[in-house]
1. Any chance you could give the angle, 0 to 90 degrees and rounded to 10, that helix B:9-25 forms with the longest Cα principal axis of chain B?
2. Please go through the residue pairs A:K110/B:K170; A:K170/B:K9; A:K9/B:K168; B:K177/B:K218 and name each one whose alpha carbons sit more than 23 Å apart in this structure.
3. How large is log10 I(q)/I(0) at q = 0.19, 0.20 Å⁻¹ when the Debye formula is applied to the Cα atoms of segment B:40-146, each weighted equally and without solvent?
4. In the Gaussian network model of chain A, springs joining C-alpha atoms below 10 Å, which of A:E75, A:E55, A:E137 carries the largest mean-square fluctuation?
5. If you take each beta carbon of peptide A:197-203 and count the beta carbons of other chains within 10 angstrom, what is the mean?
6. Would you work out the Kirkwood radius for chain A? I mean one over the mean of 1/r across all pairs of different Cα atoms, in Å.
7. Taking B:K63 as the anchor, which lysines have their alpha carbon closer than 18 Å to its alpha carbon, excluding any fewer than eight residues away along the same chain?
8. By how many nm would the segment from A:E176 to A:S189 lengthen if fully extended, with 0.36 nm per residue of separation less the alpha-carbon distance?
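The values are calculated or read from the model by the stated rules, or taken from the named source; none is laboratory data. These figures come from a predicted structure and were not determined experimentally. Cβ coordinates were reconstructed from backbone atoms using ideal geometry, including for glycine residues, and neighbour counts include every protein chain displayed. Ligands, DNA and RNA are stripped out before the accessible areas are found, and what is left, the full protein with its side chains, is counted by its heavy atoms. Shrake-Rupley method; radii C 1.70, N 1.55, O 1.52, S 1.80 Å.
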Number of protein chains: 2
Amino acid sequence: MVIRMNCDKATVEQVTKLVLESLQQYSSIKTEVPVGVSARHIHLNKNDLVRLFGEGYVLHQLKPLSQPGQYAAEETVDITGPKGKIPKVRILGPERSATQVEITATDMRKLGINAPVRTSGDLKGTPGITITGPKGEITIDEGVIISDRHIHMTPADAVAYGVADGQKVKLLAEGEKGGILHNVIIRVSDKYALDCHIDTDDASAFLIRQGQVLHIIK
Amino acid sequence: MVIRMNCDKATVEQVTKLVLESLQQYSSIKTEVPVGVSARHIHLNKNDLVRLFGEGYVLHQLKPLSQPGQYAAEETVDITGPKGKIPKVRILGPERSATQVEITATDMRKLGINAPVRTSGDLKGTPGITITGPKGEITIDEGVIISDRHIHMTPADAVAYGVADGQKVKLLAEGEKGGILHNVIIRVSDKYALDCHIDTDDASAFLIRQGQVLHIIK
């Protein structure tokens with residue numbers, strides 16, 4: 001298709017704006033999502049939990065998280081990289097099949113570790129770190145990531161928002177230091193609850209508060 | 001003007017894309033700007049310099065900054081808020097008429113201070129802080145800000161980029177954790193050199209490196 005138009009940019013923008021506004025009237029697609037800001041945290045596998053806290057140790061729930069069955073534990077560990085240590089990193093439960101440490105770019109500079117942006121569970125080739133608990137210290141070979149930006153939702157939510165599992169969307173944050181976050185992955189499962197996860201660096205840059213509403217842009 | 005069109009969103013987007021691409025061919029407006037990431041820092045007035053470093057003290061230049069005549073000093077001070085202290089905050093020279101502390105939202109949480117987003121020099125009603133130097137300690141009543149995102153440029157640059165002093169633009173950062181920064185103020189003066197200033201929170205959130213090129217979007 002070749003379309004030739006002879007008009008200035010302002011006119012094009014005006015036409016586009018009117019057409020999109022008009023289309024939006026007929027759309028019932030939802031765009032607003034609540035935001036959950038993820039601070040640095042760690043998931044432990046059973047074996048590493050034993051090595052750090054002792055045989056038979058059971059994590060204590062501090063508070064439930066937005067995703068069903070997930071919780072912040074009372075327990076914390078210290079993590080140490082080549083350049084420095086970050087104390088009291090919160091453990092999230094329950095135990096997982098692989099130990100995973102989720103940090104921010106700000107943390108990376110303090111630790112001296114160069115972690116890639118990854119989806120939770122995709123740990124191949126990621127750097128390791130030293131983890132210290134009350135009963136022991138371990139050094140994992142891999143498992144340190146910057147978590148990708150993502151939105152958990154149910155299949156019904158996916159229909160309501162007009163998105164599909166694995167799709168990348170953008171998120172608009174309003175405010176004096178607002179902007180648009182790119183590469184936000186949609187994750188759909190009937191085990192999920194609607195929540196959008198960004199890290200503390202994203203929240204600090206855009207002055208986003210826990211529970212604030214962001215807008216999905218496709 | 002009322003325009004009625006009967007077509008789907010994909011067609012509208014296709015038309016818009018083709019028109020904008022076509023317009024761009026005839027445009028010589030520049031969009032690329034180099035980025036300078038501003039870490040937390042402090043500007044001192046003469047009086048406060050004396051109270052912190054002693055009578056007759058002269059700052060020592062560590063390295064020049066992108067703006068002509070401005071420099072990072074060898075000297076640092078500690079800053080302390082109700083909740084905590086940040087040591088070794090870099091002083092930028094030369095002295096200014098008002099002492100000003102530029103921090104990030106990440107720093108705010110550590111210090112327990114709630115600073116507003118402001119343009120440099122606009123300090124009315126901003127919070128104070130305690131500053132400690134080798135020869136003394138002072139508590140200022142106001143002067144702590146989160147600096148707004150801004151782009152320094154000459155009048156000739158303003159013509160080349162098609163922008164005006166005080167105009168707000170957006171900045172596109174590419175990459176895995178990229179996005180768009182809103183509310184970036186254009187500052188035009190023949191005393192300036194072209195440089196775009198964002199803080200370490202913005203840089204960390206978007207994984208932006210010093211000197212990386214960002215794109216101005218209007």
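1. 70 degrees
2. On the way: A:K110/B:K170 30 Å; A:K170/B:K9 18 Å; A:K9/B:K168 19 Å; B:K177/B:K218 21 Å.
Distance filter (> 23 Å) returns A:K110/B:K170.
3. Debye output, listed in q order: -0.93, -1.04.
4. Residue with maximal mean-square fluctuation among A:E75, A:E55, A:E137: A:E55.
5. On the way: counts 0, 2, 3, 6, 11, 7, 4.
Mean shielding count: 5.
6. Details: mean 1/r = 0.0514 Å⁻¹.
Computed over Cα pairs of chain A, the Kirkwood hydrodynamic radius comes out at 19.5 Å.
7. B:K88
8. Numbers: separation 13, 0.36 × 13 = 4.68 nm, distance 3.44 nm.
Going from the current span to full extension adds 1.2 nm.
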